[in-house]
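S.K.: To start, I am sharing the structure in question, which I have written as structure tokens.
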Amino acid sequence: MSLVRVLEPEVMDTDEDARAYDSMDHAAVNTAFCDALLSHAPDLAYALDVGTGTCLLPIELCKRMPTARIKAIDLSASMLDLGRRHVEQAGLTGAIALALEDATALPEPDETFSAVLSNSIVHHIPEPMRVMREMLRVLRPGGVLFVRDLVRPDDEASVAALVGTYAANDTAYQRALFDASLRAALSLVEVREILRSLGIPPECAQMTSDRHWTLAFRTAS
């Protein structure tokens, strides 16, 4: 039986949090995310990145696919401030629009976006069903929903092992953030229960690393 879920703050909205997150090495994880997403041939004509953080994923995607247009949202003003700087430095202000929005109550009408993606936002949400329902609601027919997040480990030893493996060179504060995120994450069983409630085949969510689950689902045209 996995550890009991321990919630962490829903919004990482201090400058310290934003800087600590941004200074971590996300390159390998972001590359793997983009590789996997693009393997599903998503239409990125008007995509939504939910919980964009400092906007590293949209930048990577737009560099790979110059025709992509992405709305990147987060509930942390501090994260978005850094994200805007990154977008400007990358010369992508015409391709990426950043906005301070609540992922559990998106302002857009149904079927707005050609693709919806999210990396590591679900574990921040106290009621993950709400954000998953919203992401599905704003997705157009035939669009790809692609979500990746951490998996809650089964025991304390597994938490310690993952922190030791993937945050060994980080600061103590960054290691603490990663530890808290692992404890706040869902188990694969919990993820699949949410998908079943939303009418998404549960097997669309799979373990894709020793610490991540990934949902890849295309809506009916």
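S.K.: Return the long-range amide H neighbours of T112 (sequence gap of 5 or more, or a different chain), with a cut-off of under 5 Å between placed amide H atoms.
M.R.: Those qualifying (amide H under 5 Å, at least 5 residues apart or on another chain) are L139, R140.
S.K.: Name the residue from P153, A68, H124 whose Cα lies farthest towards the positive end of the charge dipole of the chain, charges +1 on Cβ of Lys and Arg and -1 on Cβ of Asp and Glu.
M.R.: A68
S.K.: Here is a follow-up. Report the extension gain between R133 and N169 in nm, rounded to one decimal, defined as 0.36 nm multiplied by the number of residues separating them, less their alpha carbon distance.
M.R.: Details: separation 36, 0.36 × 36 = 12.96 nm, distance 3.67 nm.
Here the segment from R133 to N169 would lengthen by 9.3 nm.
S.K.: Against the empirical 2.2 N^0.38 Å scaling, what ratio does the C-alpha Rg of the chain come to?
M.R.: Working: Rg = 16.4 Å, N = 221, 2.2 N^0.38 = 17.1 Å.
My calculation over the Cα atoms of the chain gives 0.96.
S.K.: How large is ³J(HN,Hα) for each residue in segment 153-168, as worked out from phi by the Karplus curve 6.51 cos²θ - 1.76 cosθ + 1.60 (θ = phi - 60°), to whole Hz, x for Gly and Pro?
M.R.: Result, rounded to whole Hz: x, 7, 7, 4, 4, 5, 4, 4, 5, 5, 4, x, 7, 9, 10, 4.
S.K.: Keeping all protein chains in place, calculate the accessible area per residue for segment 73-221 (probe 1.4 angstrom), answer in Å².
M.R.: Value returned for segment 73-221: 43 Å² of accessible area per residue.
S.K.: What does the net charge come to around V189 if you take all other residues with beta carbon closer than 15 Å to its beta carbon, with K and R at +1 and D and E at -1? Kindly include the intermediate steps, with their values, before the conclusion.
M.R.: Values: positive: R5, R152, R192, R196; negative: D149, D154, E190, E193, E203.
Within the 15 Å Cβ shell, the charges total -1.
S.K.: What is the set of long-range amide H partners of L186 at a cut-off below 5 Å, with H atoms built 1.01 Å from backbone N?
M.R.: R152
S.K.: Ignoring ligands, DNA and RNA, please state the percent of accessible area on segment 58-158 from carbon and sulfur, probe 1.4 Å. Walk me through the numbers on the way to the answer.
M.R.: On the way: 1990 of 4020 Å².
That share works out to 50 percent.
S.K.: Give me the percent of DSSP beta bridges within segment 8-161 that run antiparallel, rounded to the nearest 5. Let's see the in-between values first.
M.R.: Values: 0 of 19 bridges.
In segment 8-161, DSSP labels about 0 percent of beta bridges as antiparallel.
S.K.: Around A95, which amide H atoms from residues at least 5 apart in sequence, or from another chain, sit under 5 Å from its own amide H, with H modelled in the peptide plane?
M.R.: Counting only residues 5 or more places away or on other chains, the set is empty.
S.K.: Applying the Karplus parametrisation 6.51 cos²θ - 1.76 cosθ + 1.60 with θ = phi - 60° to the phi angles of segment 32-49, what ³J(HN,Hα) value in whole Hz is obtained for each residue in order, glycine and proline being reported as x?
M.R.: Once rounded to whole Hz, the list reads 5, 4, 5, 4, 5, 4, 5, 5, 8, 6, x, 8, 9, 4, 8, 9, 10, 9.
S.K.: If packing is taken as the average number of other Cβ atoms within 10 Å across a peptide's residues, how do 70-76, 130-136 rank, most packed first?
M.R.: Working: 70-76: 23.9, 130-136: 20.0.
Taking the mean over residues of other Cβ atoms within 10 Å, the ranking is 70-76, 130-136.
S.K.: Also, I was wondering about something else. Given the C-alpha centroids of segment 125-198 and segment 31-90, what is the distance between them in whole angstrom?
M.R.: Their Cα centres are 19 Å away from one another.
S.K.: Enter the mean projected area of the convex hull around the alpha-carbon atoms of segment 78-135, in nm², rounded to one decimal.
M.R.: Values: hull surface 19.1 nm².
Its Cα hull, projected and averaged over all orientations, spans 4.8 nm².
S.K.: Determine the dipole magnitude for the chain: charges of +1 sit on the beta-carbon of Lys and Arg, -1 on that of Asp and Glu, nothing else is charged, the reference point is the Cα centre, and the result goes in debye to the nearest 20. Provide the component values of the computation, followed by the final result.
M.R.: Working: 20 positive and 32 negative charges, 137 e Å.
The calculated dipole for the chain is roughly 660 debye.
S.K.: Still on this structure: Could you give the size of the charge dipole of segment 117-209 about its Cα centre, using +1 on the Cβ of each K and R and -1 on the Cβ of each D and E, expressed in debye and rounded to the nearest 20?
M.R.: On the way: 10 positive and 11 negative charges, 93 e Å.
Here segment 117-209 has a charge dipole of around 440 debye.
S.K.: Taking a ≥ b ≥ c as the square roots of the Cα gyration tensor eigenvalues, with a/c under 1.5 meaning rounded and otherwise prolate when a/b beats b/c, else oblate, which class fits segment 141-208?
M.R.: Verdict is prolate for segment 141-208.
The values are calculated or read from the model by the stated rules, or taken from the named source; none is laboratory data. Worth saying up front: this structure is predicted, and the values here are computed from it rather than measured. With ideal geometry, Cβ positions are generated from the backbone for all residues, glycine too; neighbour counts draw on all protein chains shown. The area values use the complete protein model at the heavy-atom level, side chains included, leaving out ligands, DNA and RNA. Shrake-Rupley method; radii C 1.70, N 1.55, O 1.52, S 1.80 Å.
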